[in-house]
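This report refers to the structure that appears directly beneath it.
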Amino acid sequence: MGPLFRWLGRGLMRDGHSVHKVNFNGGDRAFWRLPNGMDYRGSLEEWPGALRRLIGDKGITDVVLFGDCRPHHLIARQVCQEMGIPVHVFEEGYIRPDWVTLELGGVNGHSSLPRDPVWYRETAAALPPVPPHAQVPSSFRRRATEGLIYNVADVFTRWRYPHWNNHRPWPPLVEGMGWLRKLRQGKEKRARGAELIARLETSDQPYFIFPLQLDSDAQIRLHSPFSGIAEALKLVLGSFAAHAPAHARLVVKEHPLDNGVRDWRQETARIAAMLGIAERVDYMDWGDIVPVTRRAQGMVTINSTSGTLALAMGVPVVAMGSAVYDIADITCQDGLDAFWQNPVAPDKETFDAFRRVLIDRCLIPGGFFSEEALDKVVRHAIARLEGRPLLPE
């Protein structure tokens, strides 16, 4: 995530902590640029022993990761659990925007948060109100630029890291070609998206929304019953064709960071035509999901954080994968087929309690893609790592 760990390391060092950073590739190394950076050049099989030695030799008390599903991170969680070392995991926020996840032990499907609505209501009742929370700027251009720098540094230093293998399923060149194609089609996509949004806003025809996730996301590969997005797309469209009211429509929303390697618009149209529902399915490859979600009858998701966006608006949600918010009284629990006919809205008291507990346990203000956002997230992360209350805004 760009310079996140450099900023965090610098802040911890200023507070007198000793900080060590393991670089697995040239992208990691390019963004660290502080003392105590160590290049790990061994194999994945050798990594558990190397990590145990590092923890012992350096007197490590805490380990911090971004995401917990990459192969080296899965091993790190297991090793740290065996050694009694706390693991703190960053992830993009369970609730967005302007929040970042920093959770002890694991995130998403590895989260230790319970699924009991009564527990959330009772726990939240003992917590003070959420402090005032301000928005933070975020730059997509910055995100794209930092991603490009990271991947270029990785590709051109592969010789130095002979055992490194990117967790993403496509080679960087293939991804680059996908992004190039997506950028070339940008004007056409924006025009189509604007036209669809305008039509949805003026039509009385009810619709459901299904936001796609990234095909390479560990949320799909490890925390859902699907092998990829294509499989999920077939299931959702098939269920919609068989069980949704005949007058209802389905909006399939492309993920804004999809790399364009697979043409999901074409795939959606193909499946819809095969099922005889082509005239009832819309594909949204550009545009703000917020107004479209607000008017929807319900949202179908695997385990996307878009689910919390919908729930905060009072829109019914059904989750098909493991999601921290898939809790009775918050999401529909009767399954996908029943959801189309009976999309039950979340109980506001329970969702508000869930949100309050999330903020107390595993969310911090800030973001990753502007100076102001990084400064805020690092200040709050250090407070949480040091066991201090979160700082006032």
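The values are calculated or read from the model by the stated rules, or taken from the named source; none is laboratory data. Being a predicted model, the structure only gives us computed values, none of them experimental. No Cβ is skipped: glycine too gets one built from the backbone with ideal geometry, and neighbour counts run over all protein chains shown.
Looking only at residues of the range 101-136 that are among the hydrophobic types (A, V, I, L, M, F, W, C) and under 16 Å from Ala328 (Cα atoms), we find that the one that is surrounded by the most Cβ atoms within 10 Å (Cβ to Cβ) is Leu113.
What's the total number of residues in the range 341-392 that are closer than 16 Å to Phe90 by Cβ, over 22 Å from the mean Cα position of the chain (by Cα) and among the small types (Gly, Ala, Ser)? The number of residues fulfilling the criteria is 1. Looking only at residues in the range 133-184 that are among the charged types (D, E, K, R) and at pLDDT 85 or above, the one that is farthest from Ser43 (Cα to Cα) is Arg142. Among the conditions (1) aromatic (Phe, Trp, Tyr); (2) in a helix (DSSP H, G or I); (3) surrounded by 11 or more Cβ atoms within 10 Å (Cβ to Cβ); (4) more than 23 Å from the chain's Cα centre (by Cα), Trp159 misses just one, which is (3).
No other residue among Pro225, Pro211 is in contact with a strand residue (DSSP E or B) (Cβ under 7 Å, 6 or more places away or on another chain) and closer than 25 Å to Gly321 by Cα apart from Pro211.
Based on this model, can you work out whether Ala373 counts as touching a residue at least 24 places away in the same chain (Cβ under 8 Å), in a helix (DSSP H, G or I) and out of contact with any helix residue (DSSP H, G or I) (no Cβ under 9 Å at 6 or more places or on another chain)? Here the answer is yes, as Ala373 does meet what is asked. Screening the candidates Val300, Val324, Val252, Val290 for the property of being over 25 Å from Arg181 (Cα atoms), of a type in the set (Val, Ile, Thr) and at pLDDT 95 or above yields one hit, Val300.
Summed over the range 332-350, the residues that are surrounded by 14 or more Cβ atoms within 10 Å (Cβ to Cβ) and part of a loop (DSSP other than H, G, I, E, B) give a count of 8. The helices (runs of 4 or more DSSP H) found wholly in the range 15-121 and carrying at least 1 residues that are under 30 Å from Leu309 (Cβ atoms) occupy 26-32, 71-83. Any residue at all in the range 185-204 that is outside the structural domain of Cys69 (by TED's automatic domain parsing), out of contact with any Lys or Arg (no Cβ under 9 Å at 6 or more places or on another chain), in contact (Cβ under 8 Å) with a residue 40 or more places away in the chain and closer than 24 Å to Glu45 by Cβ? There is no residue in the range 185-204 that is outside the structural domain of Cys69 (by TED's automatic domain parsing), out of contact with any Lys or Arg (no Cβ under 9 Å at 6 or more places or on another chain), in contact (Cβ under 8 Å) with a residue 40 or more places away in the chain and closer than 24 Å to Glu45 by Cβ. Among the residues here, Gly314 does not qualify as at pLDDT below 95, assigned to a loop (DSSP other than H, G, I, E, B) and outside the structural domain of Glu122 (by TED's automatic domain parsing). Just one residue in the set Ala353, Ala373, Ala323 is buried (at least 22 other Cβ atoms within 10 Å of the Cβ) and touching a strand residue (DSSP E or B) at 6+ places or on another chain (Cβ under 8 Å); that residue is Ala323.
Look at the range 251-271: where a residue is on the phi < 0 side of the Ramachandran plot and a partner is among the aromatic types (Phe, Trp, Tyr) and at pLDDT below 95, sitting 6+ places away or on another chain with Cβ atoms under 6 Å, you get Glu254/Trp264; Asn259/Trp179; Val261/Trp170.
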